[in-house]
Each structure stands twice: as C-alpha cells, then as structure tokens.
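Everything on this sheet refers to the single structure shown next.
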Amino acid sequence: MATEIILVRHGETLWNKESRFQGSADVKLSSDGVKQAERLAERFADFRLDMVYASDLQRAAKTAEIVADQHGININTEAKLREANFGVWEGLTFEEIKERDGEKLDAWLKDPVTVQTPEGENFEEVQKRAKEGLNRIKTKHEDEQVLVVAHGGTIRALLVDLLGMPLSNFWRIQQDNTAVNIVKFYDGDPIVSLINCTQHLRE
C-alpha cells in the first residue's frame, strides 16, 4: 500500500488576475476561482478521498471545501502550508515592484534561496515549515489518499524537495490555479506521478 498525497494549488483570486503578490494576505477566490474549484470537485467526484487538508488562508480553504463537500468530509486547516510571506511586496503588482525595487526583484527571481523579499520570508523557511506540515499529514494518514490544497510557492518548495532538486530550481516548476500534483509514498520514499495538471479546466 502507498500513501497518496494530492497537492493542489487554490483557485484563482482577483489578485492572481491582476498579477498582485498575495503571499500571506488573506485574499478570497474570484468568481472564476470558485468555478475552477467546482471543476476540480467534478474531477475528484469518483475518487476515494480519506481526508482533505488546506492552508488556513481562505483561498485555499474555500477551494478545499468545495471538493470536500461532495465527499461529506470536513476540511482540516494546516497553517504550515501557507504561502510565503512576501513582506512589503504584498498587494503590489509585478510591474509596481519592478518600478520600485527592480534590482531586488531581478535578484530574487535569479536566486530565490539567498535573496529574500523585503521584510518577507525566505524560501528555505517556507520549505522547512511546509515539509513539517506535509510530514505531519503523511504520518497521520498512512496508506490513505489525502487531498492537500495549498499555494504556488509552498507546493513548488515541496516538489523540488520531493524530486531531490536543489531549492534554487524553485522557479522551474509551474503551478497554475487548481493544478493537481500527485505524490505516492512507498515506505516513506516519494514518487511524483503528476505535476501541474489542469485537464479539468479544459472545455
């Protein structure tokens, strides 16, 4: 038997649409984001889910709730799965940050490990807490299938670790809204079988 963790990014928010840095800001889903979550729920309608977890930020919790409701499951929240705190950049668009702090932004995009957002959290910290959260879930639900809804940054940080890649490869993994990633653990060893799948959003 394997423990199967389905890592999913939350649905779209208005800030996603506007290319604003969200981070730890508690932004809700847009109407399109709710529709994406409903399509995600359809995808997992005939899938056995033993438990559903989410970050405690509402965009992740609401996405998880929409899927969990059709399985009659209450969601559990896990604060360690929150998105990275982007400090003073939160709420600003990519273009605004480029204009105000272009050099720092370029450095951060080239080196997300040692370069930190102003007054924010670095990705080593994000990866450390996200791994703690995932390990807690994995240990609690051995040989079960668990849906975990989190954030683009958190999931990227987890996937590079699960794939044995250095954290500096963080930006090489794409995570679209409601993207599905599947990891199976055999005797604790991870096998990543799916990354950034959004087939449920296709017409």
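At a glance:
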{"item": "Meets criteria (farther than 15 Å from R82 by Cα, surrounded by fewer than 22 Cβ atoms within 10 Å (Cβ to Cβ) and of a type in the set (G, A, S)) for A41", "result": "yes"}
{"item": "Checking V88 against (1) in contact with a Pro (Cβ under 9 Å, 6 or more places away or on another chain); (2) in a loop (DSSP other than H, G, I, E, B); (3) not small (G, A, S), the condition it does not meet", "result": "(2)"}
{"item": "Which numbered condition T63 misses (of (1) touching a residue at least 40 places away in the same chain (Cβ under 8 Å); (2) farther than 21 Å from Q199 by Cβ; (3) of a type in the set (S, T, Y))", "result": "(2)"}
{"item": "Among the candidates L40, L49, L57, L134, residue that is in contact with an Asp or Glu (Cβ under 8 Å, 6 or more places away or on another chain), under 26 Å from P190 (Cβ atoms) and touching a residue at least 60 places away in the same chain (Cβ under 8 Å)", "result": "L57"}
{"item": "Those residues of the stretch 37-67 which are over 18 Å from L134 (Cβ atoms), small (G, A, S) and under 18 Å from the mean Cα position of the chain (by Cα), in sequence order", "result": "A37, A41"}
{"item": "Any hit, the stretch 133-147, residues being buried (at least 24 other Cβ atoms within 10 Å of the Cβ), among the aliphatic types (A, V, I, L, M) and closer than 17 Å to A37 by Cβ", "result": "yes"}
{"item": "Elements of type strands (runs of 3 or more DSSP E) in the stretch 128-203, at least 2 residues being within 21 Å of F86 (Cβ to Cβ) and of a type outside the set (D, E, K, R)", "result": "145-150"}
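Read the figures in this text as sums done on the coordinates, not as results from a lab. All figures in this text were calculated on a predicted structure; none of them were measured in a lab. Every residue, glycine among them, receives a Cβ derived from its backbone with ideal geometry; neighbour counts consider all protein chains shown.
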